[in-house]
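Student: Take a look at this one; I'll ask things after.
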Amino acid sequence: MAQTPNTAPPDASNIPPLRLPAGEEAAKPQAAQGNVLHLSAFLGATDAQPLRAGVHWRVFDEKAELDGSHTLVADSTDAAPALTLRDGNFIVHAAFGLAGATKRVEINGKSVTEKLVLNAGALRVVGMLGDAPIAPAKTQISIYVPERNNSEAKLVANGKSGDMIGLPEGNYHVVSTLLDPQSNGSVNSTNSVISADLHVQPGKLTDATLRHRAATMTLKLVSGPSGEALANTSFTILTPGGDVIREMIGAFPSLVLAEGEYVAIARHDSNVYQTNFKVESTVDRDVEVLAK
């Protein structure tokens, strides 16, 4: 695993917005009165450049309704929006992934410029298999806030390899799981799981590389070496200790396995056969179970 901080503010376009409980739909901006609210967001207080993407802005009326909620009067995903508003007092919220900042703004007959500091950073995790990057569709990146004696105490975000996720400053436990897309369209989590503990600093992009060691095995029940695979065969893959990894049906199903030793059990016409095999990272191959 390698962790490389980058002091430049990231340009993140695929970061999920933070949902607020107040308000439901944005009202149309009021008729122009020359009152334009110019907004920009910064990761840290010392940043020279604002965020260029990935920010979700919401502007609420400061006056609360009878139920305690605040009316949403403007909504924008522009990096630096210019919003025309009526005179009045408003609450401005900027969300960048899981990080956010709120500020009270007064509009009184003139344009206003406001800068919000998120005190946040960004995390980008890239999964590797051998020396090659893993396709985003074949990984799941899970980010947790750890607690004492529990590194996965609170799941705060899921993403793919290469996603840039805005996070408040703090410590995080990151888990990369290699996925196994099947031909029928389903996606299974494999037993290739890599984790790391990372610290996100305000105003910085933290890059981390998590390297998997796994390979794709194709299972076959054959009457002899290099023989034709027998159809309608059920396979069970176990660890040497007897833990079941996966159960599959077919003439030659394939699956991704972490590097290590395994047992393959094949069932065909009420007969049971088995073989032991070893997985070496990045070495995809066939595993033949002899029907004898």
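Student: Looking only at ALA41, ALA94, ALA153, which one moves most when the chain is put into a Gaussian network model with springs between Cα atoms under 10 Å?
Tutor: ALA153
Student: If you don't mind, there's one more thing I want to ask. Equivalent-ellipsoid semi-axes (√(5λ), Cα gyration tensor) for segment 30-159, whole Å, largest first?
Tutor: On the way: eigenvalues 262, 66, 35 Å².
Semi-axes (√(5λ), whole Å): 36, 18, 13.
Student: Right, another one. Quick check for me: using +1 on Lys/Arg Cβ and -1 on Asp/Glu Cβ, what's the dipole size of segment 122-210 about its Cα centre, in debye to the nearest 20?
Tutor: Dipole about the Cα centre, nearest 20: 120 debye.
Student: With a Förster radius of 45 Å, plug the Cβ-Cβ distance of ASN171 and ASP78 into 1/(1 + (r/R0)^6) and report the FRET value to the nearest 0.05.
Tutor: Given R0 = 45 Å and the Cβ-Cβ separation, E is 0.90.
Student: Ratio of alpha-carbon Rg to the 2.2 N^0.38 Å globular estimate for the chain, to two decimals, please.
Tutor: 1.38
Student: Still on this structure, I have one more. Test of understanding: in a Gaussian network model of the chain with alpha carbons linked when under 10 Å, which of GLU259, GLU65, GLU152 would top the mean-square fluctuation ranking?
Tutor: Checking each option, the largest mean-square fluctuation is seen for GLU65.
Student: Turning to a different aspect of this structure: If R0 is 41 Å, what FRET efficiency do you get for GLN201 and THR239 from their C-beta distance, rounded to 0.05?
Tutor: Plugging the Cβ-Cβ distance into 1/(1 + (r/R0)^6) gives 0.55.
Student: Say R0 is 30 Å: what FRET efficiency, to the nearest 0.05, do ASP87 and ASP67 get from their beta-carbon distance? Kindly include the intermediate steps, with their values, before the conclusion.
Tutor: Values: r = 25 Å, r/R0 = 0.82.
Using R0 = 30 Å, I get an efficiency of 0.75.
Student: Express the accessible area of segment 140-292 per residue in Å², computed with a 1.4 Å probe while the remaining protein chains stay in the model.
Tutor: 51 Å²
Student: Using 0.36 nm times the number of residues separating LEU290 and LYS115, minus their current alpha carbon distance, what extension gain do you get?
Tutor: Numbers: separation 175, 0.36 × 175 = 63.00 nm, distance 6.94 nm.
Contour length minus Cα-Cα distance gives 56.1 nm.
Student: Quick one: which of 165-178, 46-59 comes out on top by average Cβ neighbours within 10 Å, and what's the full order, highest first?
Tutor: Values: 165-178: 21.1, 46-59: 18.8.
For the peptides 165-178, 46-59, the packing ranking is 165-178, 46-59.
Student: Quick one: plug the Kirkwood hydrodynamic radius of segment 230-282 (C-alpha pairs) into Stokes-Einstein at 37 °C, 0.692 mPa s, and report D in µm²/s. Intermediate values should be presented prior to the final figure.
Tutor: Details: Rh = 11.6 Å.
Translational D for this selection: 284 µm²/s.
Student: Would you mind pulling out the separation of the Cα centroids of segment 222-266 and segment 96-143, in Å?
Tutor: Measuring centre to centre over Cα atoms gives 43 Å.
Student: Determine the gain in length on full extension of the stretch ARG52-VAL187; use 0.36 nm per residue of separation and subtract their C-alpha separation, reporting nm with one decimal.
Tutor: 45.2 nm
Student: Quick one: Kirkwood hydrodynamic radius for segment 132-237, alpha-carbon pairs, angstrom, one decimal?
Tutor: 16.5 Å
The values are calculated or read from the model by the stated rules, or taken from the named source; none is laboratory data. The model shown is predicted, which means the values in this text are computed figures rather than measured ones. Cβ sites come from the backbone with ideal geometry, for glycine too, and all protein chains shown count toward neighbours. Keep in mind that these areas ignore ligands, DNA and RNA; they rest on the heavy atoms of the full protein, side chains included. Shrake-Rupley method; radii C 1.70, N 1.55, O 1.52, S 1.80 Å.
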